[in-house]
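The values are calculated or read from the model by the stated rules, or taken from the named source; none is laboratory data. Nothing here was measured: the structure is a model prediction, and the numbers come from that model. Cβ coordinates were reconstructed from backbone atoms using ideal geometry, including for glycine residues, and neighbour counts include every protein chain displayed. Calculation scope for accessible area: heavy atoms of the full protein, side chains included, ligands and nucleic acids excluded. Shrake-Rupley method; radii C 1.70, N 1.55, O 1.52, S 1.80 Å.
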Amino acid sequence: MADGETVGDAIANAEVIIREWIETAMQRGQEIPEPKGKLIYA
């Protein structure tokens, strides 16, 4: 989960969290799922 003062800030913070999750999963030898497509938010 991520938040920010603006929508752009929240998206940027979410991207950081995603990168950190991938980095941690790789260090642990976990499988990283392939993206299945782009999510659309309402």
inquiry  = Please compute the length gained on full extension between Trp21 and Ala2, using 0.36 nm multiplied by the number of residues separating them and subtracting their Cα-Cα distance.
reply    = 5.6 nm
query = When the helices in the chain are scored as -39500 (n - 2.57) per DSSP H run of 4 or longer and the sum is shared across all residues, what 222 nm value do you end up with, to the nearest 500 deg cm²/dmol?
reply = -18500 deg cm²/dmol
query = For Asn13 and Ile32 in the same chain, what is the full-extension length gain: residue separation times 0.36 nm, less their Cα-Cα distance, in nm?
reply = 4.8 nm
key: Rg to Rh, two decimals, where the chain supplies the alpha carbon set and Rh follows Kirkwood   = 1.05
query = Among residues other than Ile11 whose Cβ falls under 14 Å from its Cβ, what is the net charge (Lys/Arg +1, Asp/Glu -1)?
reply = -2
query = Ignoring ligands, DNA and RNA, what percent of the accessible area of the chain is carbon or sulfur (1.4 Å)?
reply = 57
query = What does the charge add up to near Met26, with Lys and Arg as +1, Asp and Glu as -1, over the other residues with Cβ less than 15 Å from its Cβ?
reply = -2
query = What angle do you read, to the nearest 10 degrees and between 0 and 90, between the alpha-carbon axis of helix 7-28 and the longest principal axis of the chain?
reply = 10
